[in-house]
1. Tabulate in residue order the Karplus-calculated ³J(HN,Hα) for region 102-111, using 6.51 cos²θ - 1.76 cosθ + 1.60 with θ = phi - 60°, rounded to whole Hz; enter x for Gly and Pro.
2. How charged is the neighbourhood of Asp76? Take every other residue with its Cβ under 13 Å from the Cβ of Asp76, and add Lys/Arg as +1 and Asp/Glu as -1.
3. Pull up the DSSP beta bridges for region 5-145 and report the antiparallel fraction as a percent, rounded to 5.
Amino acid sequence: LGDALDIVASKHFLIHSMIDMVPAEDATSETIRRLQEAGIHVMAITSRTSAIAKRTIEQLNIIGVDLAKSSPHLQDMQLAVIRLALYSKGIIFCTGNDKGEILFQFLDKINYFPQKIVFVDDKLKHVQNVEKAVIERGIEFIGIHYSRLNEKHSNVDSQIFERELKEFKAQIGW
């Protein structure tokens with residue numbers, strides 16, 4: 001099993017090194033910039049692992065997003081609930097940990113206690129996990145389950161997808 005995971009992980013990292021990030025909405029970068037200019041702390045929590053942190057930060061910078069500008073903490077740090085996680089440049093790479101638990105481990109470590117948390121995620125379970133953790137702390141919470149991409153994914157032409165996947169696999173030697 002370990003060898004299989006190593007192979008999958010290496011392909012996963014290779015794919016991320018070759019692709020560009022595309023914002024979910026045209027206004028994403030501008031919205032983040034405006035929030036930052038208004039003095040609002042904007043950060044991200046991703047399920048991605050710390051192994052692709054550098055590439056993720058590069059991808060965000062390419063689309064005009066620099067979360068380090070408005071993060072409540074400047075130094076990188078390791079976090080861990082079940083698996084080792086990383087905070088770097090305004091992003092928590094939670095490596096599959098519960099996003100609510102890892103968020104509050106980070107906030108506790110930096111002694112930062114916000115009055116309100118607005119959390120947006122494309123997975124409902126992550127919104128619910130963060131909501132549970134926030135409510136336990138008595139913090140005002142606005143949770144948004146962003147589902148627009150679900151519709152986009154359901155409208156993918158399977159023949160085009162299969163052809164492009166085959167071409168991509170050939171390109172990376174998979």
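Coordinate-derived values only; no laboratory data. Keep in mind that what you see is a predicted model, and the values were worked out from it rather than measured. Every residue, glycine as well, gets a Cβ built from its backbone with ideal geometry; the counts of neighbours run over all protein chains shown.
1. Result, ordered by residue: 5, 4, 6, 5, 5, 4, 5, 4, 9, 6 Hz.
2. For residues surrounding Asp76, the net value is +3.
3. Details: 7 of 16 bridges.
Here the antiparallel bridges make up roughly 45 percent for region 5-145.
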